[in-house]
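Every number here is computed from the coordinates shown, using simple stated rules; none is lab data. Treat the numbers as computed from the prediction; the structure is a model and nothing was measured. Because the Cβ atoms are built from the backbone with ideal geometry, glycine has one as well, and the counts that use them run over all protein chains shown.
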Amino acid sequence: MALEGTLKDFNLPDIFQLIGYQKKTGLLTLSREAEQVVVSLADGMVVWASPGEEVFDELMGRALVRRGIINQTLANELTRKRRETQQGLVYLLLKQGDVPPLELQRVVEVKVRELLYRVFRWQDGHYQFTALPTLDLSQGRIDAVSTENLLLEAIRQMDEWPLIQRQLPSVDLKVGKNEERLGGVDVEKLTPAERQILELADGKRTARDIAEASGLEEFDAFKTVADLIADGVLAVAAPEYAQRQAVQAVAAPREIPAWLFRGVLGGILAAALFLQVGLWRQDPLLLLPAAGKGEAGWDLLRRHKLQADLWQVERGIHLYLLSTGRLPARLEALVEAGTLSARQLRDPWGQPLRYQVQGLEYRLEGSHPLPPPPR
């Protein structure tokens with residue numbers, strides 16, 4: 001038996017959370033128009049996702065070529081062999097020994113995660129979850145990702161994407177170095193990701209091309225490009241008419257729907273209320289959580305994000321203490337020292353973090369309590 005419906009009736013974050021809470025094993029098939037993605041979950045953890053073997057092989061082939069791991073001639077040869085033998089691209093590469101297994105697995109992990117994050121931008125579509133006793137993972141698998149972590153990453157991307165768009169209106173714009181500003185930059189102080197992006201930004205590649213060639217996850221690559229543009233090290237290199245055309249194009253990250261923030265919380269709370277009064281007790285898959293069991297809702301995810309955010313701020317406080325011999329009198333001192341950004345001083349609800357210091361002791365908290373410890 002299967003649970004199915006439309007994404008307008010039951011949002012994707014709700015579906016992933018419910019499967020995660022119940023630790024179900026099975027296949028979640030998501031489709032819209034000509035697109036289809038099948039997500040494999042084992043004990044509530046995502047272990048694979050694919051848009052179909054042929055489409056996935058095309059994505060992998062393009063990524064491997066753009067990153068210089070294989071050349072186009074080998075990619076064409078592998079495509080021919082795949083059609084003749086019906087064996088996947090990754091399998092053929094491992095069999096021939098053309099690419100080190102660990103390097104190949106890193107590319108696979110990146111492409112699967114990117115696929116998952118793109119699915120969360122869908123505004124409509126159809127879903128079907130089929131519970132299974134075991135999974136066939138012969139096509140591939142990634143390190144297990146919890147549904148909670150998957151949604152927390154969606155929050156991070158939603159939070160930071162407007163900041164990226166200020167510097168990079170479209171990922172299809174060409175980006176190049178600002179040679180005048182570059183002369184005054186200590187390249188050794190740049191992060192490995194920044195140095196890699198800087199090397200690829202030749203004025204001929206678009207931000208999308210740079211992201212694919214970098215080996216970074218798409219979003220992190222776009223963020224790095226935007227940060228370097230903000231610092232004046234990179235600049236949009238396309239002529240004005242090309243910029244206008246690119247801005248009008250539909251960039252993939254623009255597909256993020258508004259309901260990801262505004263609608264999900266209300267939907268989850270409403271679902272929890274229905275569960276508490278027993279409306280879902282007839283669910284043959286036992287997919288939905290029992291009434292009173294755990295804390296449902298987007299609020300719980302924000303509380304987990306608060307926990308991770310506080311850890312980052314505490315790390316900044318400790319670095320400040322090591323470098324100055326004293327605790328910062330206020331958190332803004334960490335921003336002034338370049339340890340944190342101003343955005344990190346607010347909790348996931350948009351409220352300022354609460355910080356009190358007395359001698360060598362301090363208290364740091366958000367506007368909401370932390371999540372309960374796992375049982």
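Some observations on this one:
- Amide H contacts under 5 Å for Asn178, placed H, 5+ residues apart: Leu234, Ala235
- Within straight-line reach of Lys189, meaning a Cα separation under 16 Å, sit the following aspartates and glutamates at least 8 residues removed in sequence or on another chain: Glu199, Asp227, Asp231.
- Selected from Tyr320, Leu301, Ala333, residue furthest toward positive end of dipole (the stretch 297-375; charges at beta carbon): Leu301
- Both radii are taken from the alpha-carbon atoms of the stretch 2-155; with Rh as the Kirkwood radius, Rg/Rh is 0.99.
- Proximal lysines relative to Lys204, as straight alpha-carbon distance under 23 Å, when same-chain residues fewer than 8 apart are discounted: Lys174, Lys177, Lys223
- Counted charge near Val313, where neighbours are those whose Cβ lies closer than 15 Å (Asp, Glu -1; Lys, Arg +1): +1
- Lys/Arg +1, Asp/Glu -1 at C-beta; the stretch 69-196 dipole; positive extreme among Ile70, His126, Gln157: Ile70
- The stretch between Leu319 and Gln36 holds 97.2 nm of extra length on full extension. This uses 0.36 nm per residue minus the Cα-Cα distance.
- If R0 is 22 Å, the Cβ-Cβ spacing of Glu365 and Glu336 corresponds to a FRET efficiency of close to 0.50.
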